[in-house]
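Read-outs: derived from the displayed coordinates by stated rules, not from any lab. Not measured: the values here are computed from a predicted model. With ideal geometry, Cβ positions are generated from the backbone for all residues, glycine too; neighbour counts draw on all protein chains shown.
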Amino acid sequence: MTLTAYALVIAAAVMVILRTGRALIRNAAVLLAALLVVGYVMQCSWISTVNYLNTLAHYSTLTQILTRLRSLPDQSWDGKTVAVVGRYDMPSGFPFRPATGVATSFIDPYHMNLLARLMRDEVRFSAADATMPGALAYAATHKAWPSPDSVAVVEGVGVVVLSNPGMTDAPAPTK
């Protein structure tokens with residue numbers, strides 16, 4: 001839609017430039033068309049940069065998760081089946097500032113599968129549910145990603161704890 005609006009305004013400015021005999025109107029139309037082209041290029045550059053950085057962040061996070069999972073010395077895991085508990089949202093503290101175009105829905109099993117396919121990796125991620133009691137029990141007692149304890153192999157399935165509302169990072173109260 002925005003591209004169409006830019007194209008229409010630039011086409012109208014070019015029409016004014018070609019059809020009018022007055023220099024002031026022609027110069028104003030040239031200036032308007034130039035400003036719109038510069039604005040469009042800046043907007044495309046911003047969107048491309050944000051998309052590129054978001055993609056790098058997604059790949060980096062998934063690569064770290066897979067590296068940590070594959071470094072576990074468990075022979076019962078086939079290396080391809082991973083249960084994911086929760087979802088990992090982009091941190092909002094410094095230097096991560098929520099803004100337009102920044103991925104707030106950062107990583108979940110759906111996105112992990114898409115990224116793994118793009119990387120041509122055979123791993124398959126699925127959301128942990130009631131059919132995976134071992135994964136849910138593990139998640140209930142361990143901290144979320146990026147804690148070192150957030151990945152494990154439980155009952156022959158890789159487990160990644162991306163978020164866990166039942167587990168907090170606060171220290172236990174002392175008596």
Ranked list, fewest to most other Cβ atoms within 10 Å of each Cβ, for Phe125, Phe106 | Phe106, Phe125
To the nearest 0.05, how large is the calculated FRET efficiency for Leu35 and Leu118 if R₀ is 41 Å and r is the Cβ-Cβ distance?
-> 0.60
For Cys44 and Gln75, FRET efficiency with R0 = 41 Å and r from the beta-carbon atoms, rounded to 0.05?
-> 0.25
Show me 31-44, 145-158 ranked by packing, highest mean number of other Cβ atoms within 10 Å first.
-> 145-158, 31-44
